[in-house]
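None of the figures in this text is laboratory data; all of them are computed from the coordinates on show. Note that this is a predicted model, so its numbers are computed, not measured. In this analysis, Cβ positions are derived from the backbone assuming ideal geometry, glycine residues included, and neighbour counts consider all displayed protein chains.
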Amino acid sequence: MSQVPADLTYTKSHEWVRKLKDGTVEIGITDHAQHELGDLVFAEVPEKGRVLKAGEACAVVESVKAASDVYCPIGGEVTAGNPDLASAPELINQDAFGRGWLLRLRPAGAEASALLSAAQYEELLRAEGS
């Protein structure tokens, strides 16, 4: 079974959100998502300053199998895109919840209620047969 850290929240489309001490959040794709995609060969992350709406496509990850949009779990302003992914997209496969983060965001308002707890996300994976 995929790793599902308990300190994160998740989306039904397999993104994760980590609250940072400065009030921003870090966003990436889950261990399950990177396993499903396979070896990643390209990642495009948003530019600093871009304003995103919850549910908006905000990044692209591409493997030898497919290209997939990544959807922003919550709305806000991008404070950073992970610069390491341009030359090393495989970081997402190697460390999806660490060095493979995609973007950091300053949330604009309340956190989306659609985010799942780790337990809820594990239930979703079981329901999907993963």
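Could you give the nm distance between label points at R106 and S13, where each point is 7 Å from its Cα heading toward the beta carbon?
Between R106 and S13, the label points sit 2.4 nm apart.
Find which of V78, A33, F97 sits farthest along the positive direction of the dipole of region 9-125, computed with +1 on the beta-carbon of Lys and Arg, -1 on that of Asp and Glu, about the Cα centre.
Ranked along the dipole, the leading option is V78.
For region 17-87, just say rounded, prolate or oblate: build the C-alpha gyration tensor, square-root its eigenvalues into a ≥ b ≥ c, call rounded for a/c under 1.5, and beyond that prolate if a/b exceeds b/c, oblate if not.
prolate
How high is the relative contact order of the chain, in percent, with contacts defined as C-alpha pairs under 8 Å that are six or more residues apart?
30 percent
Under a Cβ-only charge scheme (Lys and Arg +1, Asp and Glu -1), can you give me the dipole magnitude of region 9-125 about the Cα centre, in debye to the nearest 20?
That gives region 9-125 a dipole magnitude of about 420 debye.
Can you pull the one-decimal nm distance between simple spin-label points at A114 and V41, each 7 Å off the Cα toward Cβ?
That separation, rounded to one decimal, is 3.1 nm.
Could you pull out every residue, at least 5 positions away or on a different chain, whose amide H is within less than 5 Å of the one on R50? Hs are placed 1.01 Å off N in the peptide plane, and Pro or chain starts have none.
Residues meeting the amide H criterion: V78.
Rule-of-thumb check for the chain: C-alpha Rg over 2.2 N^0.38 Å?
That ratio works out to 0.97.
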